[in-house]
Each structure stands twice: as structure tokens, then as C-alpha cells.
């Protein structure tokens, strides 16, 4: 296994620049997830690492060796595609063996490697079947098997779970995390699903419009988002963003007046903000409590999930607000509720969308 | 009106059409094949027409010539079609233009194309003969369609010229339907161009290759206009295939009974081809994982 360093990677298709000067240092045996909305450049970045696309500028360094100009097979990577890319006319055995056949590996060693991969992926009794005879999850495992047999330095996954249904996706997330720990491999995984990113990653790269918004552990991104984009992308349901005006700053933080007139003093670094500035206060739906006195919400829709009641409504000024309340919360469509919030749980973003560093944020769990 | 009657009414025009255009002529052909029929009238002769054919060495030669013609022409069409489709599928600049340029042999009327080839094969005015003379390959004009062997192969070249574009376009369409990820996955695994072609492209388009091989065989077997315009089956029957022989016998010599017997044999052979086609297509689809 190996480290993976991306050094100042840029990529343009004609006049359109899709990646802007991306530099990342991925450690050995790390599981890193590239996440971002459609068109943010995450798949392009993965394809550049794989050698399927050429970077306009920058270097790819795998295990300390510059592989920017190397053929994909010489980079020591293997890739699992979104469509699985299984050969429909070949059996599961031959699909897994494909890279080894290309290498003209002797049959005994080839069989041993395929069998080993099949054992790991519980495909031993499926080796003679064709991909068309397998379920979605089994096909996914065959695609992973084809990656494993090559013993690559780095595994690349391009949205491998997006074709599966929700239940199977949950199962496969666990299987992939288990596989990572079994293989002790460096893995780079692309997804647009922030739940996959949060649950599987050692570290997450949030990409937006071809730029890295933030690179950190899932809880870093959750508790200390650097930008409004990261704050609203990470977390489910999305963070609420409420327009506010700075009333003053002191040693305790910044005092803001939010839409609807509520005043709060929030414990954040006040560098760069002054009285009268427009800011946005970020409050996660799960950080509010029913019965406080900070926010008046007119309830539009209540989704009862059993353990939780996801409540959608509007603040007095018309801003949409979502609250994640207990399953038995006394809320009803068309009603009005008041919500409380701990100032320490609030995030403040300046007019550019950059965060004011929180000074009373919770300790991160390692 | 009951649902059944309404259904029958709906298919009645099509049934009538098939009865008039296909069923009745077929039945009439089978009936005539048991007759000695000409301009003077008809007389029942039983299986005599078939017996004569099976005992005739000339007819035997015609059958073998037809199969040889079909085998050679279809093989060339498939090989050239595969090469053409591969080139047209490659990411080369201007491929859209080449895709259009491949069409004319198929699009222009066969008669017009064949007249062009008549000029090409002409010994005195044709560019082929002229080029051969200027290169010193021949001493004088060479009339391609005047010699048995050269006439046969010249007719095949023209038949291939007419048939290749369609085969190419079918293969190209099949190649474009192959999931691009398969090639990228193979490329990441280190598979070269030839390896990818052999282990991905060919198996993935195999159902289309089988379809085109068998359909092309049927069409080539039935190919009439090209031979008739170029050589009328000559010289000395060198290009007379079953279909040309049937025409010459029935229409040229007014031997409707004998011609019909030949036509029935053609129907039986093409029926067998059709069954083979369905059989192989089912097998190939099953083996290569097509839905």
C-alpha cells in the first residue's frame, strides 16, 4: 500500500476549467472520500488519479513516485466503476481473473488469487455464473474482486453504490468499511452522498466547482465547517442558515440580531467582523430544542420517522427552517412552535460564506 | 361485433396482402414445379423436373458455385465491415465525414453503381485495365468480365462493394452500444488495443455479427441484379448462380415448370438458412449474455 499525493492538479476541457490547483496528501492505508454535488469535478479528479484523464497541470505521486505520465497499469491502482464494468459474456471467475489474464499469469497462481478474492467477497459459489445471473450487490462484489486480485497500491471507487437500492447501499457501506480494514489498503472513494462519506471515510474532501472546500475528518467537517458550502453539504437534514446583522463584538463573541428579532451572543472569533455587518447564522436541525425562546417557527410539514419528527416551517421573515425533534414532539402541521438553541452550537458565516471560528465547539471524538 | 371478429377485421388487410403477394405465388410456383409448362400450355409430369435437376451436372455445378459465391462474398463483407466499423468507431478527427462517405455504395441505385463497375472492368476504357497496362502487369487490354475466373471474382468485388456499407454501419452501431466503462476497466488493467478488441468488442457485438452473417448470406444468395447487369450469368455460366439460373430458365427460356422447380429448391434452402439463423441467434444471445 502507499501514500497518494496530488500536487497542484488543474484540469481544463477546452476553455472550461473543471479543477483548480488541487493539492492533497493522502496517507498510507487511509480511506478518503471525495464528495460534492454533481459537476464539482470529483469523478474527473479520480479519473486523473487512475490515468483515464490527463491533468492539464500538476503531478500525481503514488508511494513517492511521480506517475503523472505513467500508463494506468503502471500506477499501481485499480478502479471500481459506477456501472461495475463487468464483462457480460465472461463468468464471474473470468471477470475477476481478467487483469491477471492480461498479465499472462500462470494458471495455478491465477486460480489461487481469484479463489482468495472470492473467499474474501463470499463469491466462491458464484464463480461459474455470468454477471447477468447476479444481484446488484453481488455484481458490485465481483467488480471489487477484479480490483483486489491485482494487489494494487491504491483502490479507486467511482460512486460504486449509486446503482443499488437504499437497503443494499447500507449493507454494502458496512462491507466496504470492513474490506478496508481487512485489506489495510489506501482507498479513494467518490460519492455525491454525504451519508456514505460520513460513515466510511477516515477523511473527506469536499469539492465545489472544481476546488477543495475542505479536507478533514467527518467530525471536523461536521463541527468545524470552514465555509457555508461545507456546512450546508455535510449533515442531514441540511443546516439552517438564518440572515442576521452584527450588533456588536466583545470577548464573549459576536452579538447578532437574527431575522425575527431574536438576539444571541455567539462564541466565535470576531476577527474581521464589525457592527452592522450582514452575516448568516447556521443552526443544525438536531441542535434545537422544543420550548426554548430563540426562534418562532410556523410549521408547514411534519415528517414522523418514529424516533424523530423532522419539522419544516418558516421563520417570521420567511426563511425556511428545519428542526429535528423527538419522535413524540407535540408539533402539528399549521401550528406554531418556539425553539431554543444553545449559542455554542451555532455557526456564523460572513458575507463571503467563510466561517467565524467557533471558540466553544465540542471536543472531537477520535 | 365481438372482440374476435374485430381483431380478424383488423388483420384482414395484411392477411390479404400476404395472400396475394406471397402465398398465392408460392403455391402457384409449387404447382408449376410439377408441370411441364411453357408458352404452349401445361402438362403434369410429377417429380420429373426435380429428378432432371438432381441428375444434372450443370445444376450441381450451379449449386456449388452459388455457395462458393455466397461464402466468399459474405466472408469479405464481414471482414471489411468489421475493419471499417472499427476505423469509423476510432476517435479520429473527421470521422463524422467518413461515416457519411461510406454510404454511397449502399445508397445509390444498384444499376447505376453496376454501370460504373462495367466501365471500371472494361478492357479498353477501364481504369483497372489501363493501370495494369501502365504498371506492366498486362501487355494489352484485359477485359475483366470476358474470362470465366476474372468475371466471377469481379462480380464478387462489386457485390462486396454494394454490401459492405450496410454491414459496416450495423457493426458500427453495435460497437457504439458497448459500454465505454468496459474498455476503460480493461485499459486500467493493462489490456492493449488488440486485446480489448478480441476480448471485449468481438464478444460484445457477436450477436450482431451472427445476425449480419446469416442475413448477408441470404441476401447474397439471392443477389441477382449485380450479376445480371455485369455478366448476365456468363461467360459460359461462370457467374450463373441459382437465382440467375432460375431466371434464365423460367423467363429466358420460357420453361416455367423447370424454373419453378429451381425456385422451390431456393425456397427450401433459404428456409433452412432462416432456421439456422434463428437457432444460432438464440444460442449466441444466451452465451454472450444479451437480454
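Read-outs throughout are calculated quantities, based only on the coordinates presented, and are distinct from any laboratory measurement. Keep in mind that this is a model prediction, so the values were computed, not measured. As a convention, Cβ positions derive from the backbone with ideal geometry for all residues, glycine included, and neighbour counts pool all protein chains shown.
What to note about this one:
- Spatial separation of Cα centroids for the stretch A:154-184 and the stretch A:258-306, in angstrom: 36 Å
- The protein assembly as shown: Rg to Rh, with Rh as the Kirkwood radius over Cα pairs: 1.17
- Inter-label distance, residue B:71 to residue A:71: 3.9 nm, where each label sits 7 Å from its Cα along the C-beta direction.
- Spatial offset of the stretch B:32-87 relative to the stretch A:197-241 amounts to 75 Å, using the alpha carbon center of each.
- Cα pair count fraction exceeding 17 Å, expressed as % - the stretch A:135-176: 28 percent
- Three-way shape call for the stretch A:290-347 based on the alpha-carbon gyration tensor, with the a/c threshold at 1.5: oblate
- Taken as Cα centroids, the stretch B:158-202 and the stretch A:2-78 sit 29 Å apart, rounded to the nearest whole angstrom.
- Which of A:191, A:265, B:131 has the fewest Cβ neighbours within 10 Å, and the rest in rising order: B:131, A:265, A:191
- For the pair residue B:24 and residue B:57, label points projected 7 Å from Cα toward Cβ lie 4.4 nm apart.
- Residues B:6, B:67, A:233 in ascending order of nearby Cβ atoms (within 10 Å, fewest first): B:6, B:67, A:233.
- Both radii come from the Cα set of the stretch B:46-287: Rg as radius of gyration, Rh as Kirkwood radius; their ratio Rg/Rh reads 1.04.
- For the stretch B:152-291: relative contact order, % (alpha-carbon pairs under 8 angstrom, 6 or more apart): 26 percent
- Average Cα contact separation per residue, chain B, under 8 Å, 6 or more apart, as relative contact order %: 27 percent
- The relative contact order of chain A, computed from alpha carbon pairs under 8 Å that lie at least 6 residues apart in sequence, is 15 percent.
- Listed peptides A:107-119, B:166-178 appear in the order B:166-178, A:107-119 once ranked by packing, highest mean of other Cβ atoms within 10 Å at the front.
- Peptide A:71-84 - average C-beta neighbours from other chains (10 Å radius): 3
- Using a Förster distance of 51 Å, the FRET efficiency for residue A:289-residue A:21 (Cβ separation, nearest 0.05): 0.75
- Unit Cα scatterers, Debye sum, the stretch A:237-356: log10 I(q)/I(0) for q = 0.18 Å⁻¹: -0.86
- Alpha-carbon Rg/Rh ratio, for the stretch B:229-288, with Rh computed the Kirkwood way: 1.22
- Percent of alpha-carbon pairs separated by more than 25 Å within the stretch A:172-291: 38 percent
- Considering helices alone, the calculated mean residue ellipticity of the protein assembly as shown at 222 nm is -13500 deg cm²/dmol, with DSSP H runs of length four and up weighted by -39500 (n - 2.57) and normalised per residue.
- In terms of its C-alpha gyration tensor, chain A has a prolate overall shape, because the principal axis ratio a/c (a ≥ b ≥ c, square roots of the eigenvalues) is not below 1.5 and a/b outweighs b/c.
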